[in-house]
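Each remark here refers to the structure printed beneath this line.
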Amino acid sequence: LPPPPARLTMDSVDGMTLLIDQMRSTVRAVLSLLPPGTEVTTISRLRCGGQSWAQVHYGIGDVQPHAVAFMPSDDRILLATTSGGLYRSTDQGATWSRVTGGIPYSDITGLAINPDGRTIYASDFTYGGIFRSVDSGKTWERMPTDGLASDRVWTLGLDPAAPELLVVGCGARAGFIA
């Protein structure tokens, strides 16, 4: 995969992958790849110019979060993929609600957000499928998965410089670009 745009850099700290926005000197997303069975109980935010972490939430109900991302158009809004669906926070992670509108309540693992903040992709690993919203996550439609090695998609990526390119990582350990 090509490196992220110049304003975004990636760094790894204690098993977490951080996506850092150099223009704002902030962490835009924290992704943690944990071994199966590891329980994630908190969501934290980097503060004080990157010097310390602040716990903002003690978890999202009885589900395990996989990935958390900010909406590019409003840094108060976060989306979290979890073992029980997609969740949204409108207060930087203090409270969470389950996203509805056509996306299943299953193991949503992948998340990719277009820089415009309107088009969002999410993948369902339990039943398979990629879902797209073109209205900032209010409604969702299932996309075709013809041509993929598997419709059980673990992760998604979107090139901010060319947001029409969606990268898909399937359960069959294969990558595809749509």
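Values in this text are rule-based calculations from the coordinates and carry no lab data. All figures in this text were calculated on a predicted structure; none of them were measured in a lab. Using ideal geometry, Cβ is built from the backbone for each residue, glycine included, and neighbour counts are taken over all protein chains shown.
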Residues of the stretch 83-104 with amide N under 13 Å of the 7 Å Cα→Cβ point at Lys138: 101
Those residues of the stretch 121-135 whose amide nitrogen sits under 15 Å from the label point placed on Ser150, 7 Å along Cα→Cβ: 123-130
Peptides 118-131, 82-95 ordered by average Cβ neighbours within 10 Å, highest first: 118-131, 82-95
The stretch 100-169: relative contact order as a whole-number percent, Cα under 8 Å and 6+ apart: 29 percent
